[in-house]
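Accompanying notes for the structure given below.
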Amino acid sequence: MIKLTVNGESHSLDVDPDMPLLWALRDVLGLTGTKYGCGIARCGACYVHMDGHTLPSCVTPVSAAEGKAITTIEGVDSDTAQAVRTAWAELNVVQCGYCQSGQIMSAIDLLNGNADPDDAAINKAMQGNLCRCNTYARIRQAIRQAAASLRAQGGEA
Amino acid sequence: MNAPFKLTRRQFLIRSLSTGAGLTLALYLPGCGREPEADTGTAGPGQAGARIAPEVEFEPNAFVRILPDDRVEVVIKHLEMGQGTFTGLATLVAEELDADWSQIVPVPAPADPERYNNLLWGKLQGTGGSTAIANAYTQMRQAGATARHMLVQAAAAEWGVPAAQIQVSKGVLSHADSGRKARFGELAAAAAEQPVPEEVLLKEPEEFTLIGTFLPRLDNAAKLDGSAVYTQDIQLPDMRVAVVAHPPRFGAKVRGFDASAAKQVRGVIEVIEIPTGVAVLADNTWSAIKGREALEVEWDESAAFRMSSEEILADYRDRAKGPAAVARSEGDTAGALERASTRLTAAMHMPYLAHAAMEPLNCVMQLTEDGCEIWNGEQFQTVDQQNVARVLGLEPGQVKINMLYAGGSFGRRANPHSDYLVETAHIVKSAQGNAPVKLVWTREDDMLGGYYRPFYYHELEAGLDGEGMPVAWRHRIVGQSIMTGTVMEGGMVKDGVDATSVEGAANLPYAIPNLEVDLVTTELPVTVQWWRSVGSTHTAFAVETFIDRLARAAGRDPVDYRRGLLRGHPRHLGVLELAAEKAGWGRPLPEGRARGVAVHESFNSYVAEVAEVSIGDNGRINVERVVIAVDCGVAVNPDIIRAQMEGGMAYGLSAALMSEITLEDGQVVQSNFDGYEVLGIDRMPEVEVHIVPSTEPPTGVGEPATPVIAPAVANALSVLTGEDFDRLPLRLAV
Ligand code: FES
Ligand code: FES
């Protein structure tokens, strides 16, 4: 049995310990917001947070996630997450949307560690997340907008 | 699983609503045979049956339903694959209905070529060719206007006031003198009793309140919290996930296989041979993948294709010397070339390209008592129904399709042979029992699986007069036909010329008196298909880089040179001038940067792009900034137009800079994003989009930005390096 904590809930999974976390989340736990795009850590569609940082779930064996806090797109719900979603919606970033769970997880991780990322920092943090609809220009803009709104919130507090 | 939509209490026999544009509002004919129902009660595809549909109060036609709680459901007949069709088609209904944007709920249409056909394709339902807004512009507006008319009549009757005095705005009807007001939901039941109008008046463009404005996309919310449902996300009780071992080369077949090790893999249920390979069925995706790894297949490669990309190119060069089918011929091209003061020639080639949508291909299918049911991001309903029905021995109408979101497509999900659906049908047919099957193509299956943009070879020759202006133009194209062997062949292939092979070349807009464009069609086992912007993916590069070479040879500015040749093409000229102006054409740039321009029409939309390019220390081509001008008629959703220009351009930029599918000994070399490189955020240029104001009927925007970027970048590189560029992806001389 593999014990997993996902979005704050504990689960016991009777699966092959080598099963990638991606398939455990999707096929076993039914959390399908995390997507499959490449299976080789080259696209970012499957990114989740493990102890707060992005990680490609497609190459992470489910056994390596034991004892860690896993957060998926369904569960991510911080002020940063809210600011990111708001900016994404205001700028109509999404197109097909298939890459966007991963984009959002990376953007949240970036903003948690950098309150005012410049384009170089954005490019570096986001370059693992491919988007075949090429929403990149809006992603850059949305991250700057989310950062500005978080800084403004911080200023008010 | 799928709760059927409840029939409304009142249904209408709508007589044919013929209107000025000659379009017919889709009819809803109760009691006339099979009536597939749109999924309802949800804010997007993929949740069919998630809850019982509320009873519809008022359903005046196949596209609009008004619910008692005031929601307005708009039935969307096209696939939402990112291009924004949910938002776009709903905008048209909401505009004429005078609804409030917040009450609009898009609902995917069922497969039904009678009601939901693409009006530009006859009785065929499907999405492609940048036609969604173009074909449905009047149809959807009429649907909204019809509903509005009936609501107004109902209010007039209830309130005892003249209909002409009733105002409608943001989902509320009101009568100023009496002070009466009602929301749509309140009047829906009464509206349903009103006769359906024979004709409705549509708004004039100056009356629009939603068209032309910024609207939030209707699929934003579901795509930001992971709840949007794609084919990959479908889980049905007892479902098997199927992963297929496909042949390593085109033309290879299964000779035999040993499934014993595969069957040892935990979760694997069965292993079956199908025409396209050997399918491993398991109770989860990972087990199916592992099962396939453990499977031993012996392939019969006696008829396998074994050429390399280099050999194909060499072969095409030879064939270019042979006979060709004429696509367009004007004047005396040979004679004019003889007499020209200067002659220029070029030979170019472009590789096979994979669509590589973010969601690899997949399909869910189940046999049911009365046929079969499909869950899919469905781009080609009518063709897929026919092809699947043929495999399963059904009538097309017995193939029920649940429409889901697609994680991109770029053409791939509309396959004329329904390849991935047919594969699923064979699995479903051969598997034991009636369990639903989800076919999952891994990224490798998707990239190795063919149906590429064809490899092309082009030869061009031009003659200039003493002033440097072209007097003769000869253009020969060599490559595979996309349409031959498909249901579209009859309409698209004439006298040996597949229109999609020469589009963008045969309709050259430049005024050149002697002109010949011809085509050598090749046949190879490598399967090919339309790829975002189809023929223009290669012809725009050939034409727009060659015209720049002519301008350079003439010592002329490339914008000015084109200007002189585009008389009689005001819309080309309009976007060219706008892009040049916004890009600061002619103004100095920092050292090491140069601009390049290209202009091209596809799908009746006109796009010009100016690219600012530099070359990095590492020899990398940096596209710093791109200015795009587009003329697509009435701009229904300007923000979505901008998004399609940004994304479409960048999709073409991947192909310009890095992507290619190559063959070695018949095997595809690139199998995933490590080999098939695509644009990442770090190489995304700054983009600016300018829309030409227009009252022309709207045309598509999903594709036309894609083909224009490669020539614009190549032309800038030529300024920087003094070299000509004759291949894609672009490579600097070392
Ligand atoms: S699916 Fe994990 S990075 Fe692509
Ligand atoms: S939005 Fe389609 S892949 Fe990113």
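Table for the structure above
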| quantity | calculated |
| --- | --- |
| Set A:Arg151, A:Arg138, A:Arg144: member being more than 16 Å from ligand 2 (Cβ to nearest atom) and within 28 Å of B:Pro638 (Cβ to Cβ) | A:Arg144 |
| Single match in B:Gly397, B:Gly371, B:Gly377 (criterion: touching a residue at least 24 places away in the same chain (Cβ under 8 Å) and within 16 Å of ligand 2 (Cβ to nearest atom)) | B:Gly377 |
| Qualifying residue in region A:126-147 (condition: at pLDDT below 95 and either part of a helix (DSSP H, G or I) or more than 8 Å from chain B (Cβ to nearest Cβ) (or both)) | no |
| A:Cys46, sole failed condition from (1) near ligand 1 (Cβ under 10 Å from one of its atoms); (2) within 11 Å of chain B (Cβ to nearest Cβ) | (2) |
| Condition met for B:Pro113 (in contact with a Lys or Arg (Cβ under 6 Å, 6 or more places away or on another chain), over 20 Å from B:Asn637 (Cα atoms) and in the same structural domain as B:Val200 (by TED's automatic domain parsing)) | yes |
| Subset tally (residues that are away from chain A (no Cβ under 14 Å) and more than 24 Å from the chain's Cα centre (by Cα)) for region B:663-692 | 7 |
| Residue match in region B:624-644 (condition: closer than 20 Å to B:Phe410 by Cα and away from chain A (no Cβ under 14 Å)) | yes |
| Output for region A:2-27, where each listed residue is more than 12 Å from ligand 1 (Cβ to nearest atom), at pLDDT 95 or above and at the interface with chain B (Cβ under 7 Å from one of its Cβ atoms) | A:Met19, A:Asp27 |
| Within region B:221-332, strands (runs of 3 or more DSSP E) holding 3 or more residues that are outside the structural domain of B:Ile661 (by TED's automatic domain parsing) and without any contact (Cβ under 8 Å) to a residue 60 or more places away in the chain | B:253-258, B:268-274, B:277-282, B:296-300 |
| Which numbered condition B:Asp617 misses (of (1) within 28 Å of the chain's Cα centre (by Cα); (2) surrounded by fewer than 24 Cβ atoms within 10 Å (Cβ to Cβ); (3) at negative phi) | (1) |
| Residues of region B:339-377 that turn out to be away from every other protein chain (no Cβ under 14 Å) and over 30 Å from B:Ala551 (Cα atoms), as a count | 12 |
| A:Gly39 without any contact (Cβ under 8 Å) to a residue 40 or more places away in the chain and surrounded by 17 or more Cβ atoms within 10 Å (Cβ to Cβ) | yes |
| Counted residues, region A:70-88 - those being of a type in the set (Gly, Ala, Ser) and within 16 Å of ligand 2 (Cβ to nearest atom) | 1 |
| Hits in region B:478-529 (condition: under 30 Å from B:Ala252 (Cα atoms), in contact (Cβ under 8 Å) with a residue 40 or more places away in the chain, of a type in the set (Val, Ile, Thr) and in a loop (DSSP other than H, G, I, E, B)) | B:Ile482, B:Thr486, B:Val487, B:Val526, B:Thr527 |
| Matching residues, region B:174-185, being touching a residue at least 12 places away in the same chain (Cβ under 8 Å) and not hydroxyl-bearing (Ser, Thr, Tyr) | B:His175, B:Asp177, B:Arg180, B:Ala182, B:Arg183, B:Phe184, B:Gly185 |
| Residues located in region A:77-96, provided they are of a type outside the set (Asp, Glu) and in contact (Cβ under 8 Å) with a residue 40 or more places away in the chain | A:Thr80, A:Ala83, A:Val84, A:Thr86, A:Ala87, A:Trp88, A:Leu91, A:Asn92, A:Val93, A:Val94, A:Gln95 |
| Residues (assigned to a strand (DSSP E or B) and within 14 Å of chain A (Cβ to nearest Cβ)) located in region B:429-477 | B:Lys438, B:Leu439, B:Val440 |
| Residue count, region A:122-157 (criterion: touching a residue at least 24 places away in the same chain (Cβ under 8 Å), among the aliphatic types (A, V, I, L, M), more than 16 Å from ligand 1 (Cβ to nearest atom) and under 24 Å from B:Ile628 (Cα atoms)) | 3 |
| Subset of region A:1-27 (residues that are polar (S, T, N, Q) and either within 16 Å of ligand 2 (Cβ to nearest atom) or within 16 Å of B:Val241 (Cα to Cα) (or both)) | none |
| Whichever residue in region B:71-90 is part of a loop (DSSP other than H, G, I, E, B) and within 18 Å of B:Phe380 (Cβ to Cβ) and, among such residues, is farthest from the other protein chains (Cβ to nearest Cβ) | B:Lys77 |
| Residue match in region B:707-722 (condition: in a loop (DSSP other than H, G, I, E, B) and either of a type outside the set (D, E, K, R) or at pLDDT below 95 (or both)) | yes |
| Selection from region B:344-380 of residues that are farther than 27 Å from A:Gly33 by Cβ, of a type in the set (S, T, N, Q) and touching an Asp or Glu at 6+ places or on another chain (Cβ under 9 Å) | B:Thr345 |
| Answer from A:Gly52, A:Gly30 - the residue that is more than 13 Å from A:Gly102 (Cα to Cα), under 12 Å from the mean Cα position of the chain (by Cα) and more than 16 Å from ligand 2 (Cβ to nearest atom) | A:Gly52 |
| Candidate set from region A:55-69 (those that are more than 14 Å from chain B (Cβ to nearest Cβ) and crowded, with 19+ Cβ neighbours inside 10 Å); member that is nearest to ligand 2 (Cβ to nearest atom) | A:Leu55 |
| Checklist (1) more than 9 Å from chain B (Cβ to nearest Cβ); (2) more than 25 Å from B:Leu218 (Cβ to Cβ) applied to A:Cys38, failing item | (1) |
| Selection count where residues are away from ligand 1 (no atom under 16 Å from the Cβ), within 7 Å of chain B (Cβ to nearest Cβ) and assigned to a helix (DSSP H, G or I), scope region A:71-121 | 3 |
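The values are calculated or read from the model by the stated rules, or taken from the named source; none is laboratory data. For clarity, every value in this text was computed on a predicted model and none was experimentally measured. We place every Cβ from the backbone using ideal geometry, glycine too, and count neighbours over all the protein chains shown.
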